[in-house]
Amino acid sequence: MLSLPITDPVLIVSITMGILLLGPILFERLRIPGLVGLIVLGAAVGPGGLGLLERDATFELLGTFGLLYLMFLAGVTLDLGEFSKRRGQSIAFGLLSFSMPMGLAVLVGQYVLGYDILAASLLGAIVGSHTLLALPLAARLGIGKNGALVAATGATLITDLVSLLVLAVVQGSASGEADTAFWLRFAGLASLWGIFVLVIVPRLGRAFFRRVGREGDTPYVFLLAIVFVSAWLAGLVGLAPIIGAFLAGIALNRLVPKKSPLMTRIEFVGNALFIPFFLVSVGLLVDVRVLGSLEVWKLALVATGLVVVGKGSAALVSWPLFKWTRAEAFTVAGLTMPQAAATLAVTLIGFDIGLFGREAVNAIVLVILITCLVGPSLVRRFGRDVALEARAEPAGEGSAPQRIVVPLSNPSTAEELTELAMLMRTPNSEESIFPLAVARGGSEEAQNVARAEQVLERAVIHAAAADVPCLPTVRIAMNPAVGILRGAREVRGSIIVLGWGTATTAGTVIYGSILDKVIEESREMVVMARLNKRINSVQRMVLLVPPVAHQEIGFAGALHALKSLASQNGMPIHALAAENYAKAAKKTIGSVKPSAKVTMQPLPQWRDAMKTLADIITPDDMVVLLSVREGALAWRPALKRMPRLLSLRHQDNDVLVVYLSEVELDALVEGVLDAPRAGLRHAQLLPPHHITLGLGPTDLPSLLTTILQPGYPQRPQLPGNLADDLAGAHENYAPELSPGIVFYHEHTSWVDEPALFLGTCPQGVRLPQTSQPAYVIMILVAPKKMKPAAYLTQLSLTAQLVRPEDTVQRLLAAKTSVAAADYLLGNLHDTGPDDLDELGD
């Protein structure tokens, strides 16, 4: 005979798992959030309903586990880059979200409910806190990184902390223990606990992951151990364990990349098991029999009104204050309304010290149920609007769809390169990554293909564990570089991520003959990665930004990928740039999504970069060099040497060298060629009389003046003025496009129309800051009224005129300026890489 409540553990688990399975399915069909269904069904089978289950020690344990897990998940998934930007907003909203319900509760408690000041204050502490019950729902809607929701998530720490401080004051006042010694002891213990969690725990985590990695079960167990130790210590200090779990999540945030197998495991276990158990345990608290008590309903409705009005008012006040949208304000209101964690703790303590009666306890349980119904419903209703608004926003610079190709040949580095690609991938992107292995043909083709597939298996498994779509490809080619390039083009790849070893062999230039050929023959963004340690152990990205690199068309795309890496791995970016360009570079970096904390350190001159890097680098830094292919606007000879120097001088650090994409530039060139008017304008920009051949060596201002004079015969003073400005603007930087070619440019108020000039010096001339004599000098002057985007485009297109390797020889051999102009404009028809068939197969 079955007795109630059920005591058979197998049957208890069976019923609970049935609730976890059917609750979300049934209630989602009714257009009610599934997590609400878990609470309702928990109430239905609980002591106040059918009486099948009771909230015994097992459910209390699992419910506590789930609650702490929920708070930990909120902390570990928090976007620290966005939170850092909105730290003040989080604090301000947290204080608003607590003080408004608190103020209402003190007034209503005393003048409507007849409470004394202590009981009314405790009621304020109850309704002022909130639990992020609907955060998993927001994450599923894809709005977890929304700025307003990040601020609301951070505000949870403020509301719960202040709520528990009010509890401590009330409890101490009621017992007479809240003296100076009590507060000194509390402050000292809380400080020690905070130092342990925020300082010692991250260091322990980095040391652990550096030795163990993130694969297997051990890292997950380590995280849970840290969370529960932190929660337990918070309880000893006098804070609620939920504060400990949330702060532990923040402390561990940077160690768990957002797109990694470990994060997938954390979210899956929490959302599928522990958090649902907590919701069911909340339902078991509801005593349906009290629904007939008018006193309980009176208290419940009053307290619920305090929550809804107080939390809603805080969100509505924040709407114009923080420039949120209407949908964001209502979503935040829904996120902050649910009462559970601190609410229940404060209520039970208030009952124990005699400030609340049993009716108040039952009423607060009803408040928990009602707010857990209302809050998620608001998040679901308005969260969809937030998601739609985000999709309707302009994509922003550098946020074009990415198709990342990862050529692999070494099984030992397959997982690290795959993880790097996953972290550089646009957050929430639907695009797959494309692991690629090249197998040599010939008599051993079958064995080579089999080995290539084994390498790809590791990448596929790693990506699948992180829930990232993955489409592996095997290419058969005698020349590995050809196989990589053809494979990338067949899948329309936009980024190629390559592993970079340190060994050098005969025929290597910078990285090795194969990798050098991929860089030379590709137009896509190429990332050369020399990885020595686990990416999640990296604390900071040190970014080297060469002069005028921010003016390259591919700059935004590279920064988008790097900021995605920094954001998902919780790394701040510390950028180094020459002081003449630092302000403009930082502005451009800040305009690129996603958000990340970026600091800029100006350098007196670019040649100080390696010395400054040596002074500031730490073992936990990742060094990233932005580079360009020879002939690009930002190219300079030093960029050819820097990868090798970085590899040799910083052998213990991860080093990335990112070659900017030129795909967009190719499209611009094609647009010029396909549009007759645009092509005519470009031809008019460099008429033959703007080309001066056979110049002799002289000083820079005189040389520039001579080149500019044919363009302004009616304004004899203008060439000298322009020459002085150009020489001053490039005092610390000579823009060498390639050996022997220097390109001076200026956005100036001296002219009304853009104009391009060119001069040749057969004997060569030594110019300031150049690495070798200059034989071809180009000058572009553009009016201030020319929009920056158009100016940058014109700079990039102009650089293409002298891109071919034989440009210097051809121009020096030109007999007339007409022949030189025809040759330069003809170069626009041949800006792409060589045909792959010419490389051999």
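The values are calculated or read from the model by the stated rules, or taken from the named source; none is laboratory data. Bear in mind the structure is a predicted one, so any value in this text is a computation, not a measurement. Cβ sites come from the backbone with ideal geometry, for glycine too, and all protein chains shown count toward neighbours. Please note that ligands, DNA and RNA were not included when accessible areas were found on the heavy atoms of the full protein model with its side chains. Shrake-Rupley method; radii C 1.70, N 1.55, O 1.52, S 1.80 Å.
Couple of notes before you dig in:
- With respect to the conditions (1) more than 23 Å from residue 561 (Cα to Cα); (2) at pLDDT 85 or above; (3) of a type in the set (Val, Ile, Thr); (4) open to solvent by 10 Å² or more (accessible area, probe 1.4 Å), residue 504 falls short on a single one, namely (2).
- Test set (1) of a type in the set (D, E, K, R); (2) surrounded by fewer than 15 Cβ atoms within 10 Å (Cβ to Cβ); (3) not in a helix (DSSP H, G or I) - residue 60 fails condition number: (3)
- Checking 210, 206 one by one, the residue that is surrounded by 13 or more Cβ atoms within 10 Å (Cβ to Cβ), touching a Ser or Thr at 6+ places or on another chain (Cβ under 7 Å) and modelled with pLDDT under 80 is 210 and no other.
- Some residue of the range 78-88 being open to solvent by less than 50 Å² (accessible area, probe 1.4 Å), of a type in the set (D, E, K, R) and either farther than 30 Å from residue 3 by Cβ or not in a helix (DSSP H, G or I) (or both): yes
- Pairs meeting the criteria (first residue in the range 814-833 and closer than 14 Å to residue 799 by Cα and in a loop (DSSP other than H, G, I, E, B), second residue open to solvent by less than 20 Å² (accessible area, probe 1.4 Å) and at pLDDT below 85, beta carbons under 7 Å, at least 6 apart or on different chains) are 831/669; 831/800.
- Yes/no for residue 292 being open to solvent by 20 Å² or more (accessible area, probe 1.4 Å) and modelled with pLDDT of 85 or more: no
- Being at pLDDT below 80, within 17 Å of residue 471 (Cβ to Cβ) and either open to solvent by 50 Å² or more (accessible area, probe 1.4 Å) or not in a helix (DSSP H, G or I) (or both) is a property that residue 397 lacks.
- Taken over the range 27-65, the residue count meeting the criterion of being among the small types (Gly, Ala, Ser), within 41 Å of the chain's Cα centre (by Cα) and at pLDDT below 85 is 4.
- Of the residues screened, residue 279 is not one that is part of a helix (DSSP H, G or I), at pLDDT 85 or above and buried (at least 23 other Cβ atoms within 10 Å of the Cβ).
- Enumeration of residues in the range 15-47 that are exposed (fewer than 12 other Cβ atoms within 10 Å of the Cβ) and part of a helix (DSSP H, G or I): 21, 25, 29
- Pairing each residue of the range 249-260 that is among the small types (Gly, Ala, Ser) with any residue that is open to solvent by less than 30 Å² (accessible area, probe 1.4 Å) and outside any helix (DSSP H, G or I), provided the two are 6+ apart or on different chains, yields C-beta distances under 8 Å for 249/78; 260/214; 260/466.
- Looking at 142, 109, just one residue is in contact with a helix residue (DSSP H, G or I) (Cβ under 7 Å, 6 or more places away or on another chain) and modelled with pLDDT under 85, and that residue is 142.
- Screening residue 733 on (1) open to solvent by 10 Å² or more (accessible area, probe 1.4 Å); (2) assigned to a loop (DSSP other than H, G, I, E, B) shows it passes everything except condition (1).
- Residues in the range 89-111 that are open to solvent by less than 50 Å² (accessible area, probe 1.4 Å) and either closer than 17 Å to residue 321 by Cα or among the aromatic types (Phe, Trp, Tyr) (or both): 89, 90, 92, 93, 94, 96, 97, 98.
- One residue stands out in the range 401-412 among those that are over 8 Å from residue 497 (Cα atoms) and crowded, with 18+ Cβ neighbours inside 10 Å: the one that is farthest from the chain's Cα centre (by Cα), namely 409.
- Single residue of the range 151-166 satisfying the filter (buried (at least 24 other Cβ atoms within 10 Å of the Cβ) and under 19 Å from residue 329 (Cβ atoms)) that is farthest from the chain's Cα centre (by Cα): 159
The rows are residues; the columns are (1) open to solvent by 40 Å² or more (accessible area, probe 1.4 Å); (2) among the β-branched types (Val, Ile, Thr); (3) in contact with an Asp or Glu (Cβ under 9 Å, 6 or more places away or on another chain).
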residue	(1), (2), (3)
117	yes, yes, no
124	no, no, no
131	no, yes, yes
141	yes, no, no
186	no, no, no
193	no, no, no
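- Considering each residue of the range 371-380 in turn, at least one proves to be modelled with pLDDT of 80 or more, more than 30 Å from residue 239 (Cα to Cα), open to solvent by less than 40 Å² (accessible area, probe 1.4 Å) and of a type in the set (D, E, K, R).
- Within the range 700-751, being touching a strand residue (DSSP E or B) at 6+ places or on another chain (Cβ under 6 Å), farther than 30 Å from residue 639 by Cβ and aliphatic (A, V, I, L, M) holds for one residue alone: 751.
- Taken over the range 739-775, the residue count meeting the criterion of being part of a strand (DSSP E or B) and either at negative phi or open to solvent by 40 Å² or more (accessible area, probe 1.4 Å) (or both) is 20.
- Test result for residue 194, free of Cβ contacts under 8 Å to residues at least 60 places away in the same chain and small (Gly, Ala, Ser): yes
- Residue that is modelled with the lowest pLDDT [pool: residues in the range 145-181 that are more than 28 Å from residue 361 (Cα to Cα) and part of a helix (DSSP H, G or I)]: 180
- Scope the range 752-782; condition touching a strand residue (DSSP E or B) at 6+ places or on another chain (Cβ under 7 Å) and under 23 Å from residue 584 (Cα atoms); matching residues: 754, 779, 780, 781, 782
- Selection status of residue 260, open to solvent by less than 10 Å² (accessible area, probe 1.4 Å), out of contact with any Lys or Arg (no Cβ under 8 Å at 6 or more places or on another chain) and of a type in the set (S, T, N, Q): no
- Condition check for residue 98: within 30 Å of residue 4 (Cα to Cα), assigned to a helix (DSSP H, G or I), touching a helix residue (DSSP H, G or I) at 6+ places or on another chain (Cβ under 9 Å) and at pLDDT 85 or above: no
- Taken over the range 531-551, residues that are within 21 Å of residue 619 (Cα to Cα), open to solvent by less than 10 Å² (accessible area, probe 1.4 Å) and either basic (Lys, Arg) or at pLDDT 90 or above (or both) amount to 5.
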